[in-house]
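Structure record follows, encoded as structure tokens.
Derivation of every value follows stated rules applied to the coordinates shown; laboratory data play no part. Source: prediction; values computed, not measured. Neighbour counts are summed over all protein chains in view; Cβ atoms, including those assigned to glycine, are modelled from backbone coordinates with ideal geometry.
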Amino acid sequence: MAARGVCSSILLASLLVLGLAVTSLSAQAATCGMPPNSNNAVPSDEFATIDTFNDGANVTYKCIPGYSQKGGSRTITCRSGMWTTLTLICERKSCGGLPELLNGQYEASSNLFGDTAYASCNEGFNLVGKSYVVCLSSGQWDTNSAVCEDVKCPDPPEIVNGTIVNPPIGTVTYSSVITYKCTVGDLIGESSITCTLHGNYSSAPPQCKVINCADVTVKNGKKESGFTPPYKLGYAITFSCNAGFIMNGSNTIKCREDNQWSPSPPMCLAVTMKTTTISTKTAVTMKTTTISPNTGTLTTQGPSTASPSKPQTGSDKDEGNDAALIVGNPLLLLGLAAFNLILMVGQSPAL
């Protein structure tokens, strides 16, 4: 009996130890390790140093800097050694509207945390300072240090024998116009210069020079305008040519800034004609013409011409043909008779 009681005690003690061991193992299996990280969210600061969590323990999350909660739950729970799923939604903070910039503006594709806005200035202004701002984790744009300053040009240069019509008051800024005039001589170049975007002037200032072109005459020609000097810058003379002459060049010339005429004065050239002279030699003989009313024959004596270069062949035949032609033409007979009478009167001695 005693031995049986001892055995029972030992068995009971063994069962007790085994139960405690199982209980201990069950307790160890129900704990959770460190809570997991999540995109854009981390456990709150009070859980940062704890690496073991009992079953049923809760852990609270927060959004990382620059992000804010847009939905879901911030809490997870340790259940049977596993953490429940975190449903917290963290999105980038908005910095709102872009900052203002006097005489300029900021431009950005987005206004969320981490985005950059770039500054630019209006025409006629230069950017001074940092050229961009960043959307901070606080949801605010960082310090706006950019400034748009006027483009400035140096003081306008003075000119000899001239003055500035509209002297600037203070600094010369972009698009300001400076106008000059001459007190002596003629103004050469542009009368006005402008302050450009690059901080310089659009051109060199003009000059004031005394211009006096020499008088000009054209041989065999005359002036139609601009008769007498002085001939200052831009003055003109117009020429024409005398009768029998033709102009070579421009009829009008102008006085240039280098005291020369442009274009060069014209020339009047004589008009010439080509003539052709034909020289001939003729033989002259005296002929008289008589008409016989009875026979109708004609005899001619008096002045006549004949070319020695023409061959005198067949003369008898030709004379017969001439007489036949005259006899057959009464009007020609009368004309020849009148011509013969005139010759005879001309050769008679004066009464």
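The amide H of F53, built 1.01 Å from its N in the peptide plane, has C32, G33 as neighbours under 5 Å, considering only residues 5 or more places off or on other chains. Could you list, in their original order, any pairs among K181/K254; K222/K254; K70/K130; K181/K232; K152/K181; K152/K232 whose Cα atoms are separated by more than 28 Å? Table pairs above 28 Å Cα-Cα are K70/K130; K152/K232. Shown in residue order for segment 90-105 are the 3J(HN,Hα) couplings computed by the Karplus curve 6.51 cos²θ - 1.76 cosθ + 1.60 at θ = phi - 60°: 10, 10, 4, 6, 9, 9, x, x, 5, x, 7, 9, 4, 6, x, 7 Hz (x for Gly and Pro).
Full extension of the chain between S73 and T183 gives 30.9 nm of extra length, using 0.36 nm per residue less the Cα-Cα distance. Label-to-label distance, A270 versus S131, with points set 7 angstrom from Cα along the beta-carbon direction: 7.9 nm. Karplus-based coupling profile of segment 34-40, in residue order and whole Hz: 4, x, x, 7, 9, 4, 6, with θ = phi - 60° in 6.51 cos²θ - 1.76 cosθ + 1.60 and x standing for Gly or Pro. The HN-Hα couplings worked out from phi for segment 203-213 by the Karplus form 6.51 cos²θ - 1.76 cosθ + 1.60 (θ = phi - 60°) are 7, 5, x, x, 10, 10, 10, 7, 9, 8, 7 Hz, whole numbers, x standing for Gly and Pro.
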